[in-house]
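What follows is one structure encoded as structure tokens, with my remarks underneath.
The values are calculated or read from the model by the stated rules, or taken from the named source; none is laboratory data. Keep in mind it's a predicted model, so treat the numbers as computed, not measured. Don't worry about glycine lacking a Cβ; one is built from the backbone with ideal geometry, like all the others, and counts go over all protein chains shown. These area figures cover heavy atoms from the full protein model, side chains too; ligands, DNA and RNA do not enter into them. Shrake-Rupley method; radii C 1.70, N 1.55, O 1.52, S 1.80 Å.
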Amino acid sequence: MAQTANITIFVPGPLRAYCDGASELAMSAHDVQSVLDEIERRHASLHRNICDETGRVRRHLNVFVNSDNVRDLDGLATTLASGDVVTILPAVSGG
């Protein structure tokens, strides 16, 4: 198994109600999928608001590792390093 990294997850305001009001969560994980798995274990209602019933990140949300969208990296398999910041952001659209 890959080595785990100590990372921080930033939670947007609308989702904080599902993790006891926390704006940040600290955890150890080796990739983005592991982050989602740990969120599911610790805060099931938060996970349900991030992922759909198939486990995919909901279309209206973006997940970033530091400043990079995981869709531009290796998706949920994106490897994490200690000190990385995972941010969950609602997608912004409009014209």
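Using Cα pairs under 8 angstrom and six or more residues apart, how large is the relative contact order of the chain, in percent?
That works out to 37 percent.
Under a 1.4 Å probe, what is the accessible area of the chain per residue, stated in Å²? The partial results should precede the final answer.
Numbers: 5630 Å² over 95 residues.
Spelled out: the 1.4 Å probe surface of the chain, per residue, equals 59 Å².
Read through the labelled values (i) 12.5, 37; (ii) 16.0, 60; (iii) 12.5, 45 and report the label of the one computed as Rg and Dmax of the Cα atoms in Å from the structure.
The value matching this structure is (iii).
Quick one: which of 70-77, 4-11, 33-40 comes out on top by average Cβ neighbours within 10 Å, and what's the full order, highest first? Mind showing how you got there, number by number?
Numbers: 70-77: 14.5, 4-11: 17.6, 33-40: 19.8.
Descending mean neighbour count gives 33-40, 4-11, 70-77.
Of all accessible surface on the chain at a 1.4 Å probe, what whole percent is carbon and sulfur?
Within the chain, the accessible surface is 47 percent carbon and sulfur.
Running a GNM on the chain with Cα contacts under 10 Å, which residue among 28, 45, 67 ends up with the highest mean-square fluctuation?
The residue with the greatest mean-square fluctuation here is 67.
Given the options 30, 60, 43, which has the most mean-square fluctuation in a GNM of the chain, springs set between C-alpha atoms less than 10 angstrom apart?
In the Gaussian network model the winner is 60.
Taking the Cα centre of the chain as origin, sum charge times position over the Cβ atoms of Lys and Arg (+1) and Asp and Glu (-1), and report the length of that vector in debye to the nearest 20.
I would put it at about 280 debye.
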